[in-house]
Each structure stands twice: as structure tokens, then as C-alpha cells.
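The values are calculated or read from the model by the stated rules, or taken from the named source; none is laboratory data. All of these numbers come straight from a predicted model, not from anything done at the bench. We place every Cβ from the backbone using ideal geometry, glycine too, and count neighbours over all the protein chains shown. Side chains are part of the model used for accessible areas, which takes the heavy atoms of the whole protein and leaves out ligands, DNA and RNA. Shrake-Rupley method; radii C 1.70, N 1.55, O 1.52, S 1.80 Å.
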Amino acid sequence: MMLTLALPSKGRLRDACLQRFAAAGMPVESSADPRAYRGAIPALPGVEVAFLSAGEIARELAAGNFALGVTGEDLARESVADADKAFAFLARLGFGRADVVIAVPQSWIDVGSMADLDDVAADFRHRHGRRLRIATKYWQLTQHFLAGHGIAVYRIVESLGATEGAPATGAADLIVDITTTGSTLAANRLKVLPDGVILRSEAVLIRSRAAAVSPDGEAAIRRLVAALAGVARE
Amino acid sequence: MAEVNLLQPAEPFLDTAGEDLRRRIFITADASGADLCLRPEFTIPVCLRHIAHGNARARYAYEGTVFRQRRDEPAEFRQAGIEDLGETDRAAADARAIADCLDALARLGVAGATMTLGDQAVFEAALAALDLPAPWRRRMARAFGDLGRLKGEVARLSGEAPEPAAGDPQIARLVAARDEAGLAALVGRRMAEDGVLSAGGRTPGEIARRAIEQATLAAVRLDAAHRAALEAFLGLEAPLARAADALADCARAHGLGIGSAIAAFAARARAIPLQHASAIRYRAAFGRSLEYYTGVVFEVVQAGAGKPVAGGGRYDRLLGLLGARSEIPAVGFSIWLDRAEAAR
């Protein structure tokens, strides 16, 4: 039985991923037809490569349609309620770094911690006749993190793009979003709460706990993990 | 018996219990995009009906299937319960709800069950008697029922005062001068300069007020006597028959003026029939962390079982949250019929 490894099909994540595999002595060869979205790793016979969008990779692995994949940890943890039950996290790959953070308007000079946010959320309906609204595409991560801080009374406004603009336009009061340098947040007059970093994400090699793997497949997974671990992380 | 549709608008549930409920219920949408859910419980639909009909006082009984995403238990199960809405004799209504709950369980054949009882009102009275600053009181009242979180708050408030963050000097000066109007004006001016339409939905005035309030609080610490009183209170546990005396002893030992809260507690305890009182244990730290509970809260667990077979309490704030114009006293309980059957 072939073992399928799902890799990101587009952009910087794809390029960094291919470089990382090559550096580990496991170069990926794409099929001649670029529209075929297929590939192979000659050093790992019995493993085929499928190129998918990074978000789809987490969902397909959760469903058990593929055994192995590389995607952002944020996407893996967002795609299912209990990511550690759905996936085994085999290796952190050192690229695609980004933080999922809680960011509030800079004008909230009284809010510098999650405890402050808890106060503001609890008081919000009483003051404004509605719940505090958080714009995000990270429903799962937001709900888990806020529940851990005892914050339950808020509403999520789904945002599929330009989340950082939501507070300034009044579409939401604060956001949960991904940031690398913080410059987009700053440009939108938002600040990250110091204890509001939900996840320090990077690309990860994950394995589906729902997909069956043959003994040969198990051996291939061990070789791949050993090879990736052998390359010093930058 | 109250008739309640299986398919319910999701908004009232999410608005009252919070966004966290979303992953524990079953949500779908109609063609217009409005969120609907499979009935996750009866209390909110019953209350909405009570408000819509403009009823003054009524008791509602219900029984039927509800849907919840639960760990290790089926998502579809049956619940039964009673909601008593509008009764202003709170002690009598509380006692009736507690007695009915235990009677119903006995009739279902559940034996050897114990009720744990807590009281949000007594805890809030203790916080008020300690004369803690209002923001601290609100924060602790919210954490009621979650002992770990509550102890964390107590430790945090008794510890070293945090270093004031070295921030913007202009803001620091206005905060130090406790100049609320000046600070609000500054926040408003900066928002305008930034071209920001809104600070989320918050106004410069409320931001300035809270910033100054926090700066004032930063210098205040919970002293040892207050801390000891709170910890003694939270450690209190007694059979219901002795609970009012235990509370009175604790109040006397720590100089807490919570006489009227204890009197209300004792009146309720006296109204509970003796054969039930022996199955009830008061735990001062016991609560349910939902903002609409205001008084007694209780849970029934069968000996050796982890999950409660019944739970309930007083929720005088819920009908207001759901749109009632005036406060409507409310108390009720709900039985997990699947667990009750398994416990037989």
C-alpha cells in the first residue's frame, strides 16, 4: 500500500518545504505535468506526494484520507476540536513561523493583559447592550484559549480576510489573527496582549491517527522523521 | 407541561451562555443564514415563552429530548425539569425546587444520591462585607464555582503590587493626576488622528475611567486578615442542618457582617422538608460559573458516580438578559434522565 504525504501546493510554504526536504536528503520530485499535483521522493520508495492547499491538508489528515502531511501548526490545531487526538505531531520544521495572537485597539490603554480583557468582556453587555465581538478565522483556537482564561461571554465574528481592519471599522471589538512581525497589526493601531499569544506556530510534519499504515509505511515514516531531525534547525 | 420546539434560534443560547457553548451544541443555518440549533436545554425556551406571554407567575414542567456534544455520552438524551418563574418568596420557591428535584429522583428509583448546595448570594455578601474594591468583587464573583481560579485571584491580589508599566508619558501623567476627562480627551484625539472610527465598541470615556480605576487598584493589596477570612469562608463545608450555624460562626470569627444573607440562607434551609435536608451538604465554594446564577445552586450526584444526575439553581438575572423589562425571580432544576436511568 502506498503511503501518501500531503505537502503545501502553493507559495512560500511550498518552496520552504521543498528546500527543507532537499536539505534533509529527501528531495521531492514533482510530476512533469504541474497541474497533476503529484510527486515522489526517490529516497523513500513507497511514498507518494500529493500537493494540496495547506488548509486542506489538515482536514484530509483528520479524515484519515492521507497518512502524512506538512502544514502550519495553526491550521492543524484549528481544523479539529482536539488536534492531539487527530494527529501525531512528528517534527517541527523551523519555517513558516507565525504567532496566533489576541490583539486589541491601541486606544484601550487600560487593557494590558488577559485579566483586563476578562473584565472588559464581563462588563460589555451591561455597558453596550451586546457582547464583546472578536473577529477571527481561528474559532477553535480562540474558544480553547479564552475558555482557559475563564472568558466565556463574547461572540465570534467570522472573518475570512483583512481581519486586522475589523476593530477600526466597528465590525468587531478585537481580533485573533496570525502575525509574523506585528507590522500589520501596528499599522491598524492594534497591540498584542503580552499573555495573549495563543500559539507560536510553524510548519509541522503531522501524521493522521485515523489512517492505516503498513509496516513498510511505518519504516518510511521513521526514516523521514530521522532525516528531518538530522538537519539542524535554523 | 411546556411545549418547546426541537429547532430553536441559536442566538439566545450563545448570547447568554457565551461563545464557548457553540462547540457543545448542534448548530445549523436556515436559507437566510440565521443560526438555528437543536434544542440543547429547556430553560431558555421556557423563559422566552414566559416573557412573550407576559405572564406574571407560573411554574413550568418539561420533559423531552435534548442535544449536546458530550464526551463519552450520547449526544441525544432526555431531560426533565421544572422552572418556577415570578415567585417573589424566594426561600419558599428555592425549597420547593430542591424538594421537587429530590422527590423526582426518588420516584425515578435513584437511591443514595447526595445534593451539594452552594449559594452565590452568600459569597457575594461575604465579598461586600470584606469591603473589597468593586472591580475585585466583580472578578471574584465571576470566578465563583471555580476554586482554582478563585484561589489564583486571592493569591494575585495578596501578592506584591505589580510595577506600573512604563508607558506613554502623556498617558502616565494624566493617570497619575487621576484626570479622567483629560485622559478621555487624549484617547479620543489619538483615535481621530489615527483615522480610527471606533475603539472596538468602547468609548474614550469608559477606557479612561477604567485606566484610572486600575491605577488606583494597583496600589491596593488584599491584607492578611481579609485573605484569611476569604479562605476560611471558601473552606466551609457542613450538612445543610448545621450550615447556617457554621456560616454564623465563620462570620463572627472574621468579623463579617453578612447577617441578612445568613438569615435568608437559614429561612430556605428551614423550608426544606427534613427527609430531604439530610441528603444535602452545603459547600461555600460550590457554584456554577454562569453569570445569570444569583443565589442557590445545587447538583445531585449518586454515590460513586462522577457526573451529576440533576442540577439547578436560582437565576434571577436570566430573564433580564433574555429581554424581560423587569427582574423576574426564577429558580429551577433539570434531571438528566439517561444518567438517572443508568443509576437505578
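Hey, could you check region B:64-77 for residues that are over 24 Å from the mean Cα position of the chain (by Cα) and open to solvent by 20 Å² or more (accessible area, probe 1.4 Å) and say which is nearest to B:Arg24 (Cα to Cα)? So that I can check it myself, show each step before the final result.
Kept after step one, since they are over 24 Å from the mean Cα position of the chain (by Cα), are these residues of region B:64-77: B:64-65, B:72-77.
Next, only the ones that are open to solvent by 20 Å² or more (accessible area, probe 1.4 Å) stay: B:65, B:72-76.
Values: B:Thr65: 16, B:Asp72: 13, B:Glu73: 12, B:Pro74: 12, B:Ala75: 9, B:Glu76: 12 Å.
Applying the filter and picking the extreme gives B:Ala75.
Taking the condition of being in contact (Cβ under 8 Å) with a residue 24 or more places away in the chain, away from chain B (no Cβ under 11 Å) and part of a loop (DSSP other than H, G, I, E, B), how many residues in region A:173-194 meet it?
1
Condition first: part of a loop (DSSP other than H, G, I, E, B) and either within 9 Å of chain B (Cβ to nearest Cβ) or buried (at least 17 other Cβ atoms within 10 Å of the Cβ) (or both). Now tell me which residues in region A:151-172 satisfy that.
A:Ile151, A:Ala152, A:Val153, A:Tyr154, A:Ser159, A:Gly170, A:Ala171, A:Ala172 - these are the residues of region A:151-172 that are part of a loop (DSSP other than H, G, I, E, B) and either within 9 Å of chain B (Cβ to nearest Cβ) or buried (at least 17 other Cβ atoms within 10 Å of the Cβ) (or both).
Do we have A:Ala121 as assigned to a helix (DSSP H, G or I) and either open to solvent by 10 Å² or more (accessible area, probe 1.4 Å) or of a type outside the set (Asp, Glu) (or both) here? Before the answer, list the steps.
Details: assigned to a helix (DSSP H, G or I): yes; either open to solvent by 10 Å² or more (accessible area, probe 1.4 Å) or of a type outside the set (Asp, Glu) (or both): yes.
Against the criterion (assigned to a helix (DSSP H, G or I) and either open to solvent by 10 Å² or more (accessible area, probe 1.4 Å) or of a type outside the set (Asp, Glu) (or both)), A:Ala121 qualifies.
Filter the strands (runs of 3 or more DSSP E) completely within region A:1-101 down to those with at least 3 residues that are open to solvent by less than 40 Å² (accessible area, probe 1.4 Å) and either among the polar types (S, T, N, Q) or touching a residue at least 40 places away in the same chain (Cβ under 8 Å) (or both). Spell out how you get there, then give the answer.
Details: elements: A:3-8, A:38-40, A:47-52, A:68-72, A:87-92.
Per the criteria, A:3-8, A:47-52, A:68-72, A:87-92.
Among the residues of region B:82-120, which ones are in contact with a helix residue (DSSP H, G or I) (Cβ under 9 Å, 6 or more places away or on another chain), of a type in the set (D, E, K, R) and closer than 16 Å to B:His276 by Cα?
The answer is B:Asp94, B:Arg96, B:Asp103.
Might you let me know whether region B:239-247 holds any residue that is in contact with a helix residue (DSSP H, G or I) (Cβ under 6 Å, 6 or more places away or on another chain) and under 23 Å from B:Gly86 (Cβ atoms)?
No, the conditions are met nowhere in region B:239-247.
If a residue must be open to solvent by 10 Å² or more (accessible area, probe 1.4 Å) and outside any loop (DSSP other than H, G, I, E, B), how many such residues does region B:121-155 contain?
Counting residues in region B:121-155 that are open to solvent by 10 Å² or more (accessible area, probe 1.4 Å) and outside any loop (DSSP other than H, G, I, E, B) gives 20.
Taking region B:14-35 on its own, how many of its residues are within 25 Å of the chain's Cα centre (by Cα) and away from every other protein chain (no Cβ under 12 Å)? Working first, answer last.
The first filter runs over region B:14-35 and keeps only residues within 25 Å of the chain's Cα centre (by Cα), leaving B:14-27.
Of the ones still in play, those that are also away from every other protein chain (no Cβ under 12 Å) are B:25-26.
Qualifying residue count, region B:14-35: 2.
Consider only pairs whose beta carbons are under 8 Å apart and that are at least six residues apart or on different chains; among these, list those whose first residue lies in region B:201-222 and is surrounded by fewer than 17 Cβ atoms within 10 Å (Cβ to Cβ) and whose second residue is assigned to a helix (DSSP H, G or I) and polar (S, T, N, Q).
Qualifying pairs under 8 Å: B:Arg221/B:Ser158.
When you scan region B:257-279, do you find a residue that is surrounded by fewer than 21 Cβ atoms within 10 Å (Cβ to Cβ), farther than 24 Å from B:Phe42 by Cβ and touching a Phe, Trp or Tyr at 6+ places or on another chain (Cβ under 8 Å), even just one?
no
When region A:187-225 is examined, which residues are found to be of a type in the set (Val, Ile, Thr) and open to solvent by less than 20 Å² (accessible area, probe 1.4 Å)? Show your work before the answer.
Here is the first cut: in region A:187-225, the ones of a type in the set (Val, Ile, Thr) are A:192, A:197-198, A:204, A:206, A:213, A:221, A:225.
A:Val204, A:Ile206, A:Ile221, listed by residue number.
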